[in-house]
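Worksheet: the structure to be examined is printed underneath.
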Amino acid sequence: MIKRRLEIIREIKNYFLDGFRHVVSPNACVVCEGELVQSESFCCSVCFSELAQTHYADSEMTTELDELFFGRIPICSTYALYYYQKYNTVKPVIHAFKYKNRADIAVFLGRLLGEKLMQISGFSSVDILIPTPLHLKKRYLRGYNQTEKIAQGISSVWSNVQINDQLILKKEHTKSQTKLDKFTRWNNVSDLFVSHPSIAQYRHVALVDDVITTGSTLEAIARSILKVAPNIQISIIGLAVTMR
Ligand SMILES: [Zn+2]
(Lines give C-alpha, C1' and ligand atoms only; values in the text may rest on other atoms or scores of the structure.)
Protein backbone atom coordinates (compact mmCIF):
# COMPACT_ATOMS: atom_id res chain seq x y z
CA MET A 1 0.00 0.00 0.00
CA ILE A 2 2.75 2.43 1.07
CA LYS A 3 4.84 1.29 -1.89
CA ARG A 4 1.94 2.04 -4.27
CA ARG A 5 1.47 5.48 -2.67
CA LEU A 6 5.16 6.24 -3.14
CA GLU A 7 4.85 5.13 -6.76
CA ILE A 8 1.89 7.47 -7.29
CA ILE A 9 3.80 10.38 -5.71
CA ARG A 10 6.78 9.62 -7.96
CA GLU A 11 4.52 9.49 -11.04
CA ILE A 12 2.94 12.85 -10.16
CA LYS A 13 6.38 14.39 -9.49
CA ASN A 14 7.72 13.13 -12.85
CA TYR A 15 4.62 14.44 -14.62
CA PHE A 16 5.15 17.95 -13.25
CA LEU A 17 8.93 17.83 -13.77
CA ASP A 18 8.41 16.86 -17.43
CA GLY A 19 5.97 19.73 -17.84
CA PHE A 20 8.38 22.11 -16.09
CA ARG A 21 11.34 21.05 -18.24
CA HIS A 22 9.23 21.71 -21.31
CA VAL A 23 8.28 25.18 -20.05
CA VAL A 24 11.84 26.17 -19.11
CA SER A 25 13.44 24.74 -22.26
CA PRO A 26 10.90 24.50 -25.07
CA ASN A 27 13.80 24.69 -27.53
CA ALA A 28 15.61 21.59 -26.36
CA CYS A 29 16.32 18.60 -28.59
CA VAL A 30 13.89 15.81 -27.63
CA VAL A 31 16.72 13.28 -27.93
CA CYS A 32 19.88 14.81 -26.37
CA GLU A 33 18.19 17.80 -24.63
CA GLY A 34 20.79 20.14 -26.18
CA GLU A 35 19.68 23.63 -27.15
CA LEU A 36 18.22 23.97 -30.65
CA VAL A 37 19.25 26.62 -33.15
CA GLN A 38 16.57 28.54 -35.03
CA SER A 39 16.50 26.25 -38.08
CA GLU A 40 15.90 23.15 -35.92
CA SER A 41 12.36 22.33 -34.83
CA PHE A 42 12.33 19.47 -32.28
CA CYS A 43 15.60 17.63 -32.65
CA CYS A 44 19.13 18.90 -33.26
CA SER A 45 20.64 18.22 -36.68
CA VAL A 46 23.10 15.66 -35.23
CA CYS A 47 20.36 13.60 -33.54
CA PHE A 48 18.13 14.01 -36.60
CA SER A 49 20.81 12.61 -38.91
CA GLU A 50 21.26 9.65 -36.56
CA LEU A 51 17.58 8.57 -36.52
CA ALA A 52 17.60 4.95 -37.76
CA GLN A 53 16.05 5.02 -41.23
CA THR A 54 14.82 1.82 -42.88
CA HIS A 55 15.88 2.95 -46.40
CA TYR A 56 13.01 0.83 -47.76
CA ALA A 57 12.49 3.37 -50.57
CA ASP A 58 16.00 2.70 -51.93
CA SER A 59 15.43 -1.01 -52.51
CA GLU A 60 13.18 -3.11 -54.72
CA MET A 61 13.59 -6.08 -52.38
CA THR A 62 10.85 -7.50 -50.15
CA THR A 63 11.18 -5.88 -46.73
CA GLU A 64 10.63 -7.36 -43.28
CA LEU A 65 7.49 -5.20 -43.09
CA ASP A 66 6.11 -6.83 -46.27
CA GLU A 67 6.93 -10.22 -44.75
CA LEU A 68 5.14 -9.35 -41.52
CA PHE A 69 1.80 -9.51 -43.38
CA PHE A 70 2.56 -12.47 -45.67
CA GLY A 71 -0.03 -15.23 -45.24
CA ARG A 72 -2.19 -13.01 -43.03
CA ILE A 73 -3.96 -10.50 -45.26
CA PRO A 74 -3.50 -9.33 -48.85
CA ILE A 75 -1.58 -6.04 -48.67
CA CYS A 76 -0.70 -3.97 -51.72
CA SER A 77 2.33 -1.98 -50.45
CA THR A 78 3.97 -1.36 -47.08
CA TYR A 79 6.37 1.32 -45.91
CA ALA A 80 7.94 2.57 -42.69
CA LEU A 81 10.42 5.44 -42.43
CA TYR A 82 12.27 4.52 -39.21
CA TYR A 83 13.28 1.55 -37.10
CA TYR A 84 11.98 1.69 -33.56
CA GLN A 85 14.06 -0.01 -30.89
CA LYS A 86 14.01 -0.05 -27.12
CA TYR A 87 17.24 1.92 -26.85
CA ASN A 88 17.50 3.87 -30.11
CA THR A 89 16.89 7.59 -30.61
CA VAL A 90 13.66 7.11 -32.57
CA LYS A 91 12.01 6.13 -29.28
CA PRO A 92 12.24 9.55 -27.52
CA VAL A 93 11.01 11.27 -30.70
CA ILE A 94 7.88 9.09 -30.81
CA HIS A 95 7.51 9.38 -27.03
CA ALA A 96 7.46 13.19 -27.39
CA PHE A 97 4.46 13.23 -29.73
CA LYS A 98 2.62 10.45 -27.91
CA TYR A 99 3.08 11.57 -24.33
CA LYS A 100 4.50 15.12 -24.25
CA ASN A 101 1.94 17.04 -26.25
CA ARG A 102 4.19 17.52 -29.28
CA ALA A 103 1.67 16.91 -32.08
CA ASP A 104 3.80 19.22 -34.26
CA ILE A 105 6.50 16.49 -34.40
CA ALA A 106 4.01 13.93 -35.75
CA VAL A 107 2.93 16.39 -38.49
CA PHE A 108 6.57 17.21 -39.36
CA LEU A 109 7.55 13.53 -39.64
CA GLY A 110 4.33 12.81 -41.56
CA ARG A 111 5.49 15.32 -44.18
CA LEU A 112 8.86 13.54 -44.48
CA LEU A 113 7.02 10.25 -44.76
CA GLY A 114 4.79 11.67 -47.50
CA GLU A 115 7.83 12.89 -49.47
CA LYS A 116 9.43 9.42 -49.30
CA LEU A 117 6.19 7.69 -50.29
CA MET A 118 5.94 9.83 -53.41
CA GLN A 119 9.03 7.98 -54.69
CA ILE A 120 7.31 4.58 -54.37
CA SER A 121 5.02 3.63 -57.27
CA GLY A 122 2.93 1.22 -55.15
CA PHE A 123 1.44 4.18 -53.26
CA SER A 124 0.61 6.35 -56.29
CA SER A 125 -2.95 5.01 -56.61
CA VAL A 126 -3.87 5.54 -52.91
CA ASP A 127 -7.10 7.54 -52.81
CA ILE A 128 -7.66 7.91 -49.05
CA LEU A 129 -5.56 7.91 -45.85
CA ILE A 130 -7.06 6.19 -42.82
CA PRO A 131 -5.41 6.87 -39.44
CA THR A 132 -5.44 4.02 -36.93
CA PRO A 133 -8.35 4.91 -34.65
CA LEU A 134 -7.71 5.73 -31.03
CA HIS A 135 -10.38 5.10 -28.41
CA LEU A 136 -12.26 8.29 -27.56
CA LYS A 137 -11.09 8.23 -23.94
CA LYS A 138 -7.43 8.04 -24.97
CA ARG A 139 -7.94 10.72 -27.58
CA TYR A 140 -9.57 12.96 -24.99
CA LEU A 141 -6.68 12.44 -22.53
CA ARG A 142 -4.01 13.05 -25.18
CA GLY A 143 -5.90 15.87 -26.88
CA TYR A 144 -5.31 14.41 -30.36
CA ASN A 145 -4.81 11.15 -32.22
CA GLN A 146 -1.12 11.02 -33.16
CA THR A 147 -1.76 8.86 -36.25
CA GLU A 148 -4.15 11.54 -37.56
CA LYS A 149 -1.34 14.08 -37.14
CA ILE A 150 1.03 11.82 -39.12
CA ALA A 151 -1.67 11.46 -41.81
CA GLN A 152 -2.08 15.27 -41.87
CA GLY A 153 1.64 15.59 -42.61
CA ILE A 154 1.40 13.04 -45.45
CA SER A 155 -1.73 14.69 -46.87
CA SER A 156 -0.03 18.11 -46.85
CA VAL A 157 2.46 16.86 -49.45
CA TRP A 158 0.03 14.54 -51.31
CA SER A 159 -2.25 17.37 -52.33
CA ASN A 160 -4.88 15.13 -53.96
CA VAL A 161 -5.25 12.61 -51.09
CA GLN A 162 -7.55 13.35 -48.16
CA ILE A 163 -7.85 11.81 -44.69
CA ASN A 164 -11.00 10.06 -43.51
CA ASP A 165 -11.15 9.19 -39.80
CA GLN A 166 -14.85 8.25 -39.85
CA LEU A 167 -14.60 4.94 -41.73
CA ILE A 168 -13.31 2.67 -38.97
CA LEU A 169 -14.99 2.37 -35.59
CA LYS A 170 -13.04 1.04 -32.62
CA LYS A 171 -15.48 -0.74 -30.35
CA GLU A 172 -14.11 -0.79 -26.84
CA HIS A 173 -11.13 0.15 -24.75
CA THR A 174 -8.65 -2.70 -24.34
CA LYS A 175 -5.61 -3.09 -22.18
CA SER A 176 -2.42 -1.63 -23.62
CA GLN A 177 -1.07 -3.99 -26.29
CA THR A 178 2.59 -3.40 -25.55
CA LYS A 179 3.14 -6.12 -22.94
CA LEU A 180 1.09 -8.86 -24.60
CA ASP A 181 2.45 -11.68 -26.74
CA LYS A 182 1.44 -11.98 -30.40
CA PHE A 183 -1.39 -14.51 -29.89
CA THR A 184 -2.94 -12.64 -26.94
CA ARG A 185 -2.66 -9.39 -28.89
CA TRP A 186 -4.54 -10.93 -31.80
CA ASN A 187 -7.35 -12.23 -29.56
CA ASN A 188 -7.46 -8.81 -27.96
CA VAL A 189 -8.03 -6.90 -31.20
CA SER A 190 -9.46 -9.37 -33.74
CA ASP A 191 -13.09 -8.21 -33.48
CA LEU A 192 -12.43 -4.71 -32.19
CA PHE A 193 -12.90 -2.80 -35.44
CA VAL A 194 -15.92 -2.23 -37.68
CA SER A 195 -15.67 -0.59 -41.10
CA HIS A 196 -18.39 1.64 -42.52
CA PRO A 197 -19.78 0.24 -45.81
CA SER A 198 -19.10 3.59 -47.51
CA ILE A 199 -15.41 2.65 -47.53
CA ALA A 200 -16.24 0.66 -50.69
CA GLN A 201 -16.32 3.97 -52.63
CA TYR A 202 -12.50 3.93 -52.55
CA ARG A 203 -10.24 1.73 -54.66
CA HIS A 204 -7.02 1.89 -52.64
CA VAL A 205 -6.87 2.81 -48.95
CA ALA A 206 -3.68 3.40 -46.95
CA LEU A 207 -3.78 2.65 -43.21
CA VAL A 208 -1.51 4.97 -41.23
CA ASP A 209 0.09 3.97 -37.91
CA ASP A 210 2.83 5.36 -35.67
CA VAL A 211 4.80 2.25 -34.66
CA ILE A 212 4.13 -1.13 -36.28
CA THR A 213 5.02 -3.97 -33.92
CA THR A 214 3.22 -7.28 -34.55
CA GLY A 215 0.82 -5.83 -37.11
CA SER A 216 -2.16 -7.31 -35.22
CA THR A 217 -4.11 -4.05 -35.03
CA LEU A 218 -3.55 -3.27 -38.72
CA GLU A 219 -4.49 -6.84 -39.65
CA ALA A 220 -7.74 -6.54 -37.66
CA ILE A 221 -8.57 -3.20 -39.33
CA ALA A 222 -7.78 -4.62 -42.79
CA ARG A 223 -10.03 -7.63 -42.15
CA SER A 224 -12.88 -5.36 -41.09
CA ILE A 225 -12.42 -3.37 -44.33
CA LEU A 226 -12.36 -6.49 -46.52
CA LYS A 227 -15.62 -7.67 -44.91
CA VAL A 228 -17.50 -4.69 -46.35
CA ALA A 229 -15.31 -4.00 -49.40
CA PRO A 230 -13.76 -7.30 -50.59
CA ASN A 231 -12.26 -5.83 -53.78
CA ILE A 232 -10.50 -2.86 -52.20
CA GLN A 233 -6.69 -2.56 -52.21
CA ILE A 234 -5.05 -1.94 -48.83
CA SER A 235 -1.59 -0.51 -48.17
CA ILE A 236 0.15 0.11 -44.87
CA ILE A 237 2.19 3.14 -43.80
CA GLY A 238 4.05 3.30 -40.50
CA LEU A 239 6.19 6.10 -39.20
CA ALA A 240 8.32 3.36 -37.65
CA VAL A 241 8.56 -0.41 -37.46
CA THR A 242 10.09 -2.31 -34.56
CA MET A 243 13.45 -3.79 -35.47
CA ARG A 244 13.35 -7.58 -35.42
ZN1 LIG B 1 20.11 16.29 -30.13
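Working carefully through the options Ile221, Ile225, Ile234, find the one that is in contact with a helix residue (DSSP H, G or I) (Cβ under 7 Å, 6 or more places away or on another chain), in a helix (DSSP H, G or I) and crowded, with 21+ Cβ neighbours inside 10 Å.
Being in contact with a helix residue (DSSP H, G or I) (Cβ under 7 Å, 6 or more places away or on another chain), in a helix (DSSP H, G or I) and crowded, with 21+ Cβ neighbours inside 10 Å holds for just one of Ile221, Ile225, Ile234, which is Ile225.
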TODO: Mind listing just one residue for me: the one in segment 127-160 that is without any contact (Cβ under 8 Å) to a residue 60 or more places away in the chain and in a loop (DSSP other than H, G, I, E, B) and, of those, farthest from Gln233 (Cα to Cα)?
DONE: Gly143
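Give me the residue from segment 112-126 that is part of a loop (DSSP other than H, G, I, E, B) and not β-branched (Val, Ile, Thr) and, out of that set, modelled with the lowest pLDDT.
Ranking the qualifying residues of segment 112-126, first place goes to Gln119.
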Open item on the list: Just to be sure I understand, how many residues within segment 149-166 are within 16 Å of the chain's Cα centre (by Cα) and surrounded by fewer than 22 Cβ atoms within 10 Å (Cβ to Cβ)?
Closed with: 5
TODO: Have a look at Gly110, Gly71 and point out the one that is closer than 23 Å to Leu167 by Cβ and more than 15 Å from the ligand (Cβ to nearest atom).
DONE: Gly110
TODO: Might you check whether a residue that is modelled with pLDDT of 95 or more, touching a helix residue (DSSP H, G or I) at 6+ places or on another chain (Cβ under 8 Å) and either within 30 Å of Tyr87 (Cβ to Cβ) or buried (at least 19 other Cβ atoms within 10 Å of the Cβ) (or both) occurs anywhere in segment 197-204?
DONE: yes
- [ ] Evaluate the following for Leu169: is it surrounded by 13 or more Cβ atoms within 10 Å (Cβ to Cβ) and in a strand (DSSP E or B)?
- [x] no
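Would you confirm whether or not segment 90-104 contains a residue that is in a helix (DSSP H, G or I), within 27 Å of Ser198 (Cα to Cα), in contact with a helix residue (DSSP H, G or I) (Cβ under 7 Å, 6 or more places away or on another chain) and in contact (Cβ under 8 Å) with a residue 24 or more places away in the chain?
Within segment 90-104, none of the residues are in a helix (DSSP H, G or I), within 27 Å of Ser198 (Cα to Cα), in contact with a helix residue (DSSP H, G or I) (Cβ under 7 Å, 6 or more places away or on another chain) and in contact (Cβ under 8 Å) with a residue 24 or more places away in the chain.
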TODO: Have a look at Tyr79, Tyr15 and point out the one that is outside any loop (DSSP other than H, G, I, E, B), away from the ligand (no atom under 16 Å from the Cβ) and modelled with pLDDT of 95 or more.
DONE: Tyr79
Open item on the list: Out of everything in segment 45-58 that is in contact with a strand residue (DSSP E or B) (Cβ under 8 Å, 6 or more places away or on another chain) and not in a helix (DSSP H, G or I), what residue ends up being nearest to the ligand (Cβ to nearest atom)?
Closed with: Leu51
Task: Boolean, Lys179 is loosely packed, with under 13 Cβ neighbours inside 10 Å, of a type outside the set (A, V, I, L, M, F, W, C) and at pLDDT below 95 - done: yes
Task: Members of segment 182-196 found to be crowded, with 17+ Cβ neighbours inside 10 Å and modelled with pLDDT of 85 or more, listed by number - done: Leu192, Phe193, Ser195
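For (1) out of contact with any Lys or Arg (no Cβ under 8 Å at 6 or more places or on another chain); (2) of a type outside the set (Asp, Glu); (3) modelled with pLDDT under 95; (4) within 16 Å of the ligand (Cβ to nearest atom), each residue gets a yes or a no:
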residue	(1), (2), (3), (4)
Ser25	yes, yes, yes, yes
Gly34	yes, yes, no, yes
Glu60	yes, no, yes, no
Ile75	yes, yes, no, no
Tyr83	yes, yes, no, no
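The values are calculated or read from the model by the stated rules, or taken from the named source; none is laboratory data. Treat the numbers as computed from the prediction; the structure is a model and nothing was measured. We place every Cβ from the backbone using ideal geometry, glycine too, and count neighbours over all the protein chains shown.
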